[in-house]
1. Consider segment 1-31. How many of its residues are under 23 Å from Lys41 (Cα atoms) and charged (D, E, K, R)?
2. In this structure, does Leu3 turn out to be modelled with pLDDT under 85, farther than 19 Å from Lys141 by Cα and loosely packed, with under 12 Cβ neighbours inside 10 Å?
3. I need a count of the residues in segment 132-150 that are buried (at least 23 other Cβ atoms within 10 Å of the Cβ) and either among the small types (Gly, Ala, Ser) or in a helix (DSSP H, G or I) (or both).
4. Is there any pair with a first residue in segment 123-134 that is basic (Lys, Arg) and a second that is in a helix (DSSP H, G or I) whose Cβ atoms are under 9 Å apart and which are 6 or more apart or on different chains, and what are they?
5. Where the second residue is modelled with pLDDT of 90 or more and of a type in the set (Ser, Thr, Tyr) and the first is within 16 Å of Glu61 (Cβ to Cβ) and lies in segment 7-28, which pairs have Cβ atoms under 6 Å and are six or more apart or on separate chains?
6. For segment 151-197: of the residues being modelled with pLDDT of 90 or more and in a loop (DSSP other than H, G, I, E, B), which is surrounded by the most Cβ atoms within 10 Å (Cβ to Cβ)?
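The values are calculated or read from the model by the stated rules, or taken from the named source; none is laboratory data. All of these numbers come straight from a predicted model, not from anything done at the bench. Because the Cβ atoms are built from the backbone with ideal geometry, glycine has one as well, and the counts that use them run over all protein chains shown.
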Amino acid sequence: MLLNKRSIQLISLGDQNTFRHLMNCISDDLFLFACSYLQQKETAEEIVSDVFVKTWENRKELPEIENLKAYLFICVKNACISHIRKSRKEKLVSLDGMEYYNVPKVECAESQYISNEILNQIHQAIDTLPPKCKMAFSLAKINGLSYREIAEVMEVSEKTVNNHLVLALKKLSEVLNISKKQQKKKSTLKQAGLFTL
């Protein structure tokens, strides 16, 4: 990925091609993340676009940011919460107070080997998870963030992220009727690339 120190330095110096490449690499993940909060594609696109504009405007400060990927996810999360707060006319909105966190249905390379019925079962099982658990699962398994990055985005410890993911996998195993013996075999969750911690 394009988040190494050299690339960040080039962006901070005004290299538009490097910044454009960064946008191309991470914008889809940020868009899916914003959609998870908002369920409105147009608004999610605007928020991601605004985050990139603000990042470009403040590019001179980028070398000071320890983890640019986590930083961008945090910016999108904060923008989504601000949007929700404004639309609901509430002064305080947090992840704790949100009744939902929608994991978007995404297609992966493994999808061609899994029947639509099984994919639907997996998505329905994911929908049964509590919002924070669903968010941790989505960031780990769909967006590919590390535990440390997820902890930064969710403002929790890495241990809490681990607990969310263990709970998610346990609940998904229960809903999909996967026993521990089946987990060692090629389960549908493993086939979908969703079952490894």
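1. Here the count works out to 3.
2. Details: modelled with pLDDT under 85: yes; farther than 19 Å from Lys141 by Cα: yes; loosely packed, with under 12 Cβ neighbours inside 10 Å: no.
Criteria not met by Leu3.
3. Filtering segment 132-150 for residues buried (at least 23 other Cβ atoms within 10 Å of the Cβ) gives 135-139, 141, 145, 150.
Now restrict to residues that are either among the small types (Gly, Ala, Ser) or in a helix (DSSP H, G or I) (or both): 135-139, 141, 150.
Count: 7.
4. Matching pairs, first to second residue: Lys132/Met154; Lys132/Thr160; Lys132/His164; Lys134/Ser36; Lys134/Ile126; Lys134/Asp127; Lys134/His164; Lys134/Ala168.
5. Taking only residues 6 or more apart or on different chains, the pairs are Ser7/Thr18; Leu10/Thr18; Ile11/Thr18.
6. Looking at the filtered set, the residue picked out is Val156.
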